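The structure under discussion appears below in the form of structure tokens.
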Amino acid sequence: MKIVVIGGNAAGMSFAAKYKRNQPSDEVVVIEKRDYISFGGCGLPYFAGGMFDDTERMISRSPEQAIKSGLDLRISTEVVSIDRDNKQVEVLANGQKERIDYDKVIICTGARPIVPSFGEYNPENVFTLTSQEDGLAVKAAFAEEKNQNICVIGAGFIGLEVFDAADHLNKKVIIIERASRVMSRQFGADMVSAVEQSITEAGADLRVDCSVEAIRDADAGGYEVITDKGSVFADVVVMSLGFKPNTEMFDLDKHSTGALLVNEFGQTADENIYAVGDCAVAHHIALNQSVYLPLATTANKQARMMADNLSGKDVYLEGFLGSSCLKVLDYEMACTGVTQALAEESGIEHKISVISDKNQTDYCPGQEDIKVKLIYNPTTKVILGGEIVGKKGAVSRINALAVAITAKMTTSQLGYLDFCYAPPFARTWDALNVAGNVAK
Ligand SMILES: Cc1cc2nc3c(=O)[nH]c(=O)nc-3n(C[C@H](O)[C@H](O)[C@H](O)COP(=O)(O)OP(=O)(O)OC[C@H]3O[C@@H](n4cnc5c(N)ncnc54)[C@H](O)[C@@H]3O)c2cc1C
């Protein structure tokens, strides 16, 4: 069997490494257009914010290591088309085209940042943050003493991580968000208000309900960022406006986002073509439908399952919950499953309950507020999703909630679930128990 993997990052390399270990005598060709592979972009905001300085720490495998493991890795090589009739991929390297035969293709082309047309401006200090090159450029721009005003466009995961990084470097940050709140796709307004307040108290200028219309070069250097509510000055602009799957070249069925439609084993409508990672949909356990979940966790796990499955192993991955988390200043924000926004958007029957509690006892240092929102079925009380925000313990609790949702537990089962307790960590009734008991 000859497998051609397009894209050598999280999904592509997870698939290729696992499949090669399973089937050492099969030929696995990995085509990657960049000159590096296995790059963990998740570290970029922390790299830019000065938490570490060596880009190698974001790379889990070098091309040499991949080749030594038996993979036929072609870096600096781009796939330009798939000829499904002749079962060949066409690649371009050093200006030369070549055709490579395949038995199966695994599309792992990921997604690219959305960059709206904001007019003409000098791009020198206007960035997105997804590649190693972006990371080096943003870090260098942040390091320059003259660059004190940082404008972040978009207050989703990456935008807020960039804010956190810039704040850590004592920059003056302006955050511009079109929606009425930060993290609007993951958290309700009631959940993010304390985080928004702390962003403002940290000295940032947070503008929600505000749309960027253009970027212009300012007369004295830097940029004028023009919004529908006036303009702001910035030395550096970082755009974090979401992602678009790299799927235009594939003549296959697509989701409204452009992600490739696949079954639970990652197979497209063409039985010899599979897709995984940020370029494909994934099955959402609690919604019981395919959705777009561009996360490293989804890419890695789905790719590994597909490698086992294509090797003939009887494995099954039920799906995903889109569990995700974020640090903003002192806050942990975490969500899993069907969030309030997703429930409303999908029209799924649901009920919502929110509690404000404490993360631990008051006589041990470290007691903080914690807010838990549960989304559940109003009839069966089966938990569908949750949002947790607090200064300590939100992330660990969302992981427990992900287990409960996967096990299709009800709110009353959560209410009695035997969570551990000791004064520095929780109270006898953990915040999740309280949330379960209150959700009737
Ligand atoms: C700043 C940042 C922070 C993040 N933080 C988190 C986090 O905390 N948690 C989390 O779960 N996720 C996080 N993510 C998301 C995570 O990085 C992605 O979900 C993950 O990288 C997806 O992996 P992938 O292999 O599908 O796609 P990508 O990582 O996009 O890789 C696709 C690869 O395909 C190559 N390619 C594309 N087209 C072609 C072609 N035609 N020919 C050859 N090669 C091609 C690309 O060069 C690239 O190497 C973050 C992302 C960013 C940018």
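Region 192-269 and region 34-79 have their alpha-carbon centroids 25 Å apart. For region 330-438, a simple Cβ point-charge model (Lys and Arg +1, Asp and Glu -1, everything else neutral) yields a dipole of about 200 debye relative to the Cα centre. A full extension of the chain between Arg21 and Leu261 corresponds to an added length of 83.7 nm, given 0.36 nm per residue minus the alpha carbon distance. Approximating the spin labels as points 7 Å out from Cα along Cα→Cβ, the Thr297-to-Asn122 distance works out to 4.3 nm.
Averaging 1/r across all pairs of distinct Cα atoms in the chain and inverting the result yields a Kirkwood radius of 23.3 Å. Of the trypsin sites (Lys or Arg not before Pro) found in region 131-185, those that fall in a DSSP loop while having at most 10 other beta-carbon atoms within 10 Å are Lys146. Here the chain has 49 percent of its accessible surface on carbon and sulfur atoms, given a 1.4 Å probe and all protein chains in place. Applying the Karplus relation 6.51 cos²θ - 1.76 cosθ + 1.60 with θ = phi - 60° to region 350-367 yields 3J(HN,Hα) values of 7, 10, 10, 9, 10, 10, 10, 9, 10, 7, 6, 5, 7, 7, 9, x, x, 6 Hz, where x marks Gly and Pro. Between Ile348 and any residue 5 or more places off or on another chain, the built amide H atoms are never under 5 Å apart. The charge dipole of the chain, taken about the Cα centre with unit charges on the Cβ atoms of Lys, Arg (+1) and Asp, Glu (-1), comes to about 1200 debye, rounded to the nearest 20. Per residue, the convex hull spanned by the alpha carbons of region 307-362 comes to 195 Å³.
Simple spin-label estimate for Val315 and Val438 gives 4.0 nm between the two label positions (7 Å along the Cα-to-Cβ direction from each Cα).
The GluC sites (Glu not before Pro) of region 65-146 meeting both criteria, a DSSP state outside H, G, I, E and B (loop) and at most 15 other C-beta atoms within 10 angstrom of the site's C-beta, are Glu120, Glu144, Glu145. Counting only DSSP beta bridges with both residues in the chain, the antiparallel share comes to about 65 percent. Rounded to whole numbers, the Karplus 3J(HN,Hα) couplings from phi for region 234-242 are 9, 7, 9, 10, 10, 9, 9, 10, x Hz, using 6.51 cos²θ - 1.76 cosθ + 1.60 with θ = phi - 60°, and x at Gly and Pro. Less than 5 angstrom separates the built amide H of Val126 from those of Val237, all sequence-distant by 5 or more or on a different chain.
Taking amide H as placed 1.01 Å from N in the peptide plane, the amide H of Val262 sits under 5 Å from that of Val281, each at least 5 places away or on another chain.
At a probe radius of 1.4 angstrom, the accessible area of the chain per residue rounds to 44 square angstrom. Counting only DSSP beta bridges with both residues in region 115-239, the antiparallel share comes to about 40 percent. Per-residue 3J(HN,Hα) values for region 113-120, derived from phi via the Karplus relation 6.51 cos²θ - 1.76 cosθ + 1.60 with θ = phi - 60°, read x, 7, 10, x, 7, 9, x, 9 Hz in sequence order (x marks Gly and Pro).
The values are calculated or read from the model by the stated rules, or taken from the named source; none is laboratory data. The shown structure was predicted, so the numbers you read here are calculated from the model rather than taken from an experiment. Note that we place each Cβ from the backbone using ideal geometry, even for glycine, and neighbour counts take in every protein chain shown. Surface areas here come from the heavy atoms of the whole protein model, side chains and all, with no ligands, DNA or RNA. Shrake-Rupley method; radii C 1.70, N 1.55, O 1.52, S 1.80 Å.
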